[in-house]
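A short write-up of the structure that comes next.
Each value in this text was obtained by applying a stated rule to the coordinates, not by laboratory testing. What you see is a predicted model, and the numbers here were worked out from it, not measured in a lab. Backbone-built Cβ (ideal geometry, glycine too); neighbour counts: all protein chains shown.
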Amino acid sequence: MSESIAPAGPNRLTPWLASFAAFVVPFGFVLAPMALFLVYSFFSVDHGSIVFSPTLSNYIRFFTDPVFLPIFWRTCLLCFTVALLCVLFAFPVAYFLTTLRGRSRYMLLVLLLVPLLMSYVIKIYAVRSILGGNGMLNRALLATGLIDKPSMLFVFNLNAVLLTLTVLLIPFAVLPIFLSLERIPKALRHASADLGATNAQTFWRVTVPLSLPGTLSAMSFVFVLAIGDFLTPQMVGGQSGFTFGRIIYSQFGTAFNWPFGAALSVILAAVVILAIRLGGRVESSRGRIQ
Amino acid sequence: MRLADRAAPALLITLTLFVFILLYGPLMVPIVSSFFTVSHGAVDWSQPTTAAYADLTQNDSVLAALWTTLVVGAGAVVLSVALGTGLALYYASPRARGRQFLQFIIFLPFLMPPIITGLALLIFFRQVEFERSLLTIIIGHTVFVLALVYRTILTRLQSLSGSLVEASYDLGASGWQTFRLVLLPNLSSAMVGAAILAFALSFDETMITLLVTGTQSTLSVRLWAMMRLGFTPDINALVALVLLFTTVLCLVAVRFLMPASAVAGSDDD
């Protein structure tokens, strides 16, 4: 039904022209740059200018240099932790949303959507103002007498990056979880209760397993957003908070090694694709069963 | 009822409240401090003032950045809505070739981290010797928001009944007339909603812009540069204004895109 609503062209040439017109921009401005980018990762730099002959040296450098691989793993671990924390915070919120009805549910959903469209840079700045050595968190802790001098645990290091990313990305985790919770038929929960399960049993043995696809796609979503970010580590990471994204960005700035930066980005893209596939995997296998 | 069953809702509400404090609490800090002066690194709480806002109207670099942002946003909105509508119509047409592949390419910049899209475009522009300028920012933003605009319009298009178009053809309308008189009026609210979302995304976009910009800076790039220097009243005032603007945009977009029943608050089950 939906297949036939676009106007049909009058002659035989039109479909070809339409195809050409449809493909020209996505090919020219998405596929071509991405392909070029892949090609660039096999070039090298000599005395500040790019050498256009194919080499694997960038990839070899990544895997053998003692600097890059540890930072890469550390960044992956950091982003995985962020994803886990986001899901832990987002699940109760999403679950609470499903218990609401009508207007209050809609209002709360909008309140969760608004931060998604707020300026990313501003959100980082706002969280930083809380975390800083002289920030709200430290001042509150000092005022309550819990600590007697400002804590440096969360100031310009990886912990600060972890906390900031978590706060920034929670709304992205709420939506997929909410959608998967909403899709669970009420009848299943009623059936579980009828069969004598307590609320807790129904929650752990019916609701949680059925929401797993949404939870996993939320995790992969957050992971992908976190690993590609270079602004947050730059703003709150300080000297010790070096992440993979920051290293890539520096290759195009201060380090000025575009081919190496391209190779690192190709590795980043591979990780991202893997994360997306893992996140979508459960969804598709469940779709086959039903 | 057992104790655990009664404690659970309270726990849920507490956790939800905590998350909302996490999301909105930090934003209050720059907004509130924008009305006070900062001296020696500490906020002087004694006297509220709007001086920071008045100073902003005199700040040429901020005003120039605002102008750049508006031009880029308008350009990206026009291009992405035109392209998105065309691509959605193409996808829905019965004789479309390679539509899955095409859709995959459109989604690519949205799926991949912005740093990859930005770097790919940066290398591309350099290779084809395209000077980095306002136009390169517009192209970068268009590529980035296109997926969302396309998806929004396609969703609306697929929710329309095919008999609408058939009826139009039966009544003797041409393809163009059917598009203009039947499809366009039905798609218009989705197009407006998508345009607002696209503008909001473009307004805040920083990562791709940082990479593909020449000498111009958009508001978010300007903010980024200012923020690295510290916590000052003029940044806070600008932050407050930008937040106000995006919140309003977001609420307007939601009204255009949410189903009417949700807005009215009807019970659906």
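A few points about this structure:
- Comparing B:G73, B:G193, B:G175 in a Gaussian network model of chain B where C-alpha atoms under 10 Å apart are linked, the largest mean-square fluctuation is found at B:G175.
- Amide H contacts of A:V51 (H built 1.01 Å from N, in plane; Pro and chain starts excluded): A:S44, A:V45, A:D46 sit under 5 Å, all sequence-distant by 5 or more or on other chains.
- Against chain B, whose longest principal axis comes from its Cα atoms, helix B:184-204 is set at around 30 degrees.
- Most fluctuating residue given options A:V208, A:V25, A:V127, as computed from a GNM of chain A linking Cα atoms under 10 Å: A:V25
- Ellipsoid semi-axes in whole angstrom, largest first, where each is sqrt(5λ) of the Cα gyration tensor of the protein assembly as shown: 37, 34, 26
- Think of it as helices only: each DSSP H run of n ≥ 4 in chain A is worth -39500 (n - 2.57), and spread over all residues that comes to -23000 deg cm²/dmol at 222 nm.
- Modelled spin labels at A:A255 and A:D194, positioned 7 Å past Cα toward Cβ, are 6.2 nm from each other.
- Candidates A:L188, A:L113, A:L168, ranked by Gaussian network fluctuation over chain A, Cα under 10 Å, top entry: A:L188
- Length-normalised contact order for chain B - Cα pairs under 8 Å, 6+ apart - percent: 29
- For A:147-158, mean number of other protein chain Cβ atoms within 10 Å: 0
- Folded to 0 to 90 degrees: helix B:114-127 orientation relative to chain B principal axis, Cα: 70
- Vicinal HN-Hα couplings computed from phi for region A:228-233 (Karplus, 6.51 cos²θ - 1.76 cosθ + 1.60; Hz; Gly/Pro x): x, 7, 10, 6, 4, x
- Global geometry of chain B, whether rounded, prolate or oblate, following the gyration tensor of its Cα atoms and the 1.5 cut on a/c: oblate
- Extreme residue, positive dipole direction of the protein assembly as shown, given options A:A263, A:L85, B:G75 (C-beta unit charges): A:L85
- Over chain A, relative contact order from alpha-carbon pairs under 8 Å, at least 6 apart, %: 25
- Burial ordering of A:L175, A:L212, B:L197, fewest other beta-carbon atoms within 10 Å first: A:L212, A:L175, B:L197
- On Cα atoms only, tilt of B:99-111 relative to the major axis of chain B in degrees: 0
- A Cβ-based charge dipole, computed about the Cα centre of region B:68-258 with Lys and Arg at +1 and Asp and Glu at -1, lands at about 240 debye.
- Working from Cα pairs under 8 Å separated by at least six residues, relative contact order for region B:128-269 is 34 percent.
- Along the axis of the charge dipole computed for chain A (Cβ charges of +1 for Lys and Arg, -1 for Asp and Glu, origin at the Cα centre), the listed residues A:I170, A:P233, A:F244 are led at the positive end by A:I170.
- Dipole of chain B, positive end: most advanced residue of B:F20, B:A88, B:Q100 [Cβ charges, Cα centre]: B:Q100
- Karplus-based coupling profile of region A:204-214, in residue order and whole Hz: 6, 9, 10, 5, 4, x, 6, 8, 4, x, x, with θ = phi - 60° in 6.51 cos²θ - 1.76 cosθ + 1.60 and x standing for Gly or Pro.
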